[in-house]
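Trainee: Supplied in structure tokens, the structure appears directly below.
Since every read-out is calculated from the coordinates, none of them should be taken as a lab result. The structure displayed is predicted, hence computed values, not measured ones. For neighbour counting, all protein chains shown are included, and Cβ atoms are generated from backbone atoms with ideal geometry for every residue, glycine included.
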Amino acid sequence: MRTTVTARMAEMVSALRDRIGTTALAGGADPEPWTTAGDVLASFLDDPDLLTPEQWEADPDAYRQHLLHAEPDGSFSVVALVWLPGQETPVHDHVAWCVVGVHRGEEVEEHFRVATDDQGPHLVRVARSLNPEGSVTSVCPPGDVHLVRNGTSDKVVSLHIYGANVATRGTSIRRSYDLPVRDLRVGDAPVRDAAVRT
């Protein structure tokens with residue numbers, strides 16, 4: 001299925017291609033393509049003409065993914081996610097690095113580590129952040145176990161750049177974690193606020 005993109009989105013894709021595209025696969029690579037992609041995304045994020053009206057459409061049952069671009073060489077994909085109040089991802093990790101920019105509204109993000117003790121495997125919440133409109137964050141495996149949700153009373157739209165071909169995979173999620181979440185125990189490192197770039 002062919003996706004319509006705005007002129008501004010086409011410019012952003014071109015900028016991403018120039019900065020992180022085929023050279024990354026050829027070995028002359030940017031050692032941190034998520035940083036480069038975040039810089040490009042930040043420069044376009046506040047543009048009201050970045051998405052078509054259809055790419056703002058939500059799904060009443062779950063957050064909605066609009067695939068905007070998948071680079072044929074697999075170096076990156078661009079996706080818009082649209083969230084209604086209360087919608088969230090499962091706790092998950094990714095097949096590749098991911099950069100997220102909040103285009104409208106505010107997302108809540110929680111990071112976890114997977115732990116095991118005598119009661120079995122579980123998740124420990126290690127960071128929590130509010131990602132406001134205009135903010136850019138990134139995750140990179142390993143250690144990228146998180147969930148994202150709309151904690152507001154309005155629609156939220158975020159743009160995601162993945163270092164993988166989401167068109168062939170259908171998702172950037174490597175696996176979901178259906179494990180109990182436990183509180184930190186005495187002696188554990190405290191929950192910290194995650195750093196957010198604005």
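Trainee: Defining a contact as two alpha carbons under 8 Å apart and six or more residues distant in sequence, what relative contact order in percent does the chain show?
Mentor: 25 percent
Trainee: Would you calculate the convex hull of the Cα atoms in the chain and tell me its volume per residue in Å³? Spell out each step's value before the answer.
Mentor: Details: hull volume 25.7 nm³, N = 198.
Cα convex hull per residue, to the nearest whole number: 130 Å³.
Trainee: Next question, about the same structure. Enumerate the calculated ³J(HN,Hα) couplings along region 135-145 in order (Karplus 6.51 cos²θ - 1.76 cosθ + 1.60, θ = phi - 60°), each rounded to whole Hz, writing x wherever the residue is Gly or Pro.
Mentor: 7, 10, 10, 8, 9, 8, x, x, x, 10, 6
Trainee: Further, regarding this structure: Tell me which residues come under 5 Å, amide H to amide H, from W97 once H is placed; ignore anything under 5 positions away on its chain.
Mentor: Result for W97 returns G163.
Trainee: Tabulate in residue order the Karplus-calculated ³J(HN,Hα) for region 41-46, using 6.51 cos²θ - 1.76 cosθ + 1.60 with θ = phi - 60°, rounded to whole Hz; enter x for Gly and Pro.
Mentor: 4, 4, 6, 10, 4, 8
Trainee: What value, in deg cm²/dmol to 500, does the helix sum -39500 (n - 2.57) over DSSP H runs of n ≥ 4 give at 222 nm once divided by the residues of the chain?
Mentor: Helices in the chain give a 222 nm mean residue ellipticity of -4500 deg cm²/dmol.
Trainee: Using the alpha carbons of region 64-143, what is the convex hull volume per residue in cubic angstrom, as a whole number?
Mentor: That works out to 117 Å³ per residue.
Trainee: Would you mind putting 44-51, 55-62 in packing order, based on average other-beta-carbon counts within 10 Å, highest first?
Mentor: Peptide ranking by packing, descending: 44-51, 55-62.
Trainee: Can you list the HN-Hα couplings for region 72-78, worked out from phi with the Karplus curve (6.51, -1.76, 1.60; θ = phi - 60°), rounded to whole Hz and with x for Gly and Pro?
Mentor: Values, residue by residue: x, 7, x, 6, 6, 9, 10 Hz.
Trainee: Going by average Cβ neighbours within 10 Å, how do the peptides 114-127, 148-161, 85-98 rank, with the highest at the top?
Mentor: On the way: 114-127: 13.1, 148-161: 20.1, 85-98: 18.1.
In descending order of packing, they fall as 148-161, 85-98, 114-127.
Trainee: Moving to a separate point now. Hey, what angle do you get for helix 7-20 against the long axis of the chain, alpha-carbon based, 0 to 90 degrees rounded to 10?
Mentor: 70 degrees
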